[in-house]
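K.L.:
Take a look at this one; I'll ask things after.
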Amino acid sequence: MPEILPGKIKRLLLTAIACWGLAALPAFAEDQDNQFDPGFDGQILTMTQPKAELPPSTNPRYKDNGDGSVLDVVEDLVWTREDSYQRTKDWVNWNDAQTYIRKLNEEKFGGASNWRLPNKKELASLYDENSSIPWNYYWTKNEVHLDPIFGHSHCCYWTSEEYREEMAWGFNYIRGRPYISSKGGIQKSLTAVRPVRGLTDEEKQKAQALKAELGDALKMSQETRHE
């Protein structure tokens, strides 16, 4: 038997458990608009059931810029308010994610052209055990631990970090931990993109002013984030 076979099997197994802890897909379901969920045929209950209105964000760390982006004054970053699935209704593999970022920069989304994939540390910084967004998967009811300022977000996001030649890291907001998955192919692992960028000089001044204004309230919000 060729030596490459075990490697292929390993990659398939790693892809299959990319979002570890979620249940298996059912055979068929339709979404609330009688359309099919691209790539998964409407099989995810989060996409097939009406979404409850989320409470407004109370975390002083985040400020909605009003242009589809969110200022993060703790990490000095700007995030897109919606992820790639919220915008396109399609999951992406890691190779697709590069194209998504390129198009975002070409259209100068939010007035910027320096959007990129976040790294593991940056995505982990958004994980908040005190925030819960319903994310149902088949018969399993899950909670995504992201602030509601990002709306009905999803469980899993690509990072910029590669693992060997054919794999890359993602981050799971149900479990609050990174995972590895195959970069390409038809298996897209229920994964989306949450683009990020650095601050402009003007935004840096704004962030510093907000930190000074918020003071202890900002510090307290971060101390309770992992309680």
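The values are calculated or read from the model by the stated rules, or taken from the named source; none is laboratory data. If you're wondering where the values come from, they're calculated on a predicted model, not measured in any experiment. Cβ sites come from the backbone with ideal geometry, for glycine too, and all protein chains shown count toward neighbours.
K.L.:
So which residues in segment 111-125 are closer than 23 Å to LYS183 by Cα and aliphatic (A, V, I, L, M)?
P.N.:
LEU117, LEU123, ALA124, listed by residue number.
K.L.:
Consider GLU129 carefully, then state whether it is at pLDDT 90 or above and surrounded by fewer than 15 Cβ atoms within 10 Å (Cβ to Cβ).
P.N.:
Against the criterion (at pLDDT 90 or above and surrounded by fewer than 15 Cβ atoms within 10 Å (Cβ to Cβ)), GLU129 qualifies.
K.L.:
Which condition number does SER113 fail, the rest of (1) hydroxyl-bearing (Ser, Thr, Tyr); (2) surrounded by 15 or more Cβ atoms within 10 Å (Cβ to Cβ); (3) free of Cβ contacts under 8 Å to residues at least 12 places away in the same chain being met?
P.N.:
Condition (2) is where SER113 drops out.
K.L.:
Only one of LYS103, LYS108 is on the phi > 0 side of the Ramachandran plot, among the basic types (Lys, Arg) and over 13 Å from the mean Cα position of the chain (by Cα). Can you tell me which?
P.N.:
LYS108
K.L.:
Also, quick follow-up: Name the residues in segment 79-112 that are β-branched (Val, Ile, Thr) and either closer than 21 Å to GLY185 by Cβ or out of contact with any Pro (no Cβ under 9 Å at 6 or more places or on another chain) (or both), would you?
P.N.:
Once the filter is applied, which keeps residues that are β-branched (Val, Ile, Thr) and either closer than 21 Å to GLY185 by Cβ or out of contact with any Pro (no Cβ under 9 Å at 6 or more places or on another chain) (or both), segment 79-112 yields THR88, VAL92, THR99, ILE101.
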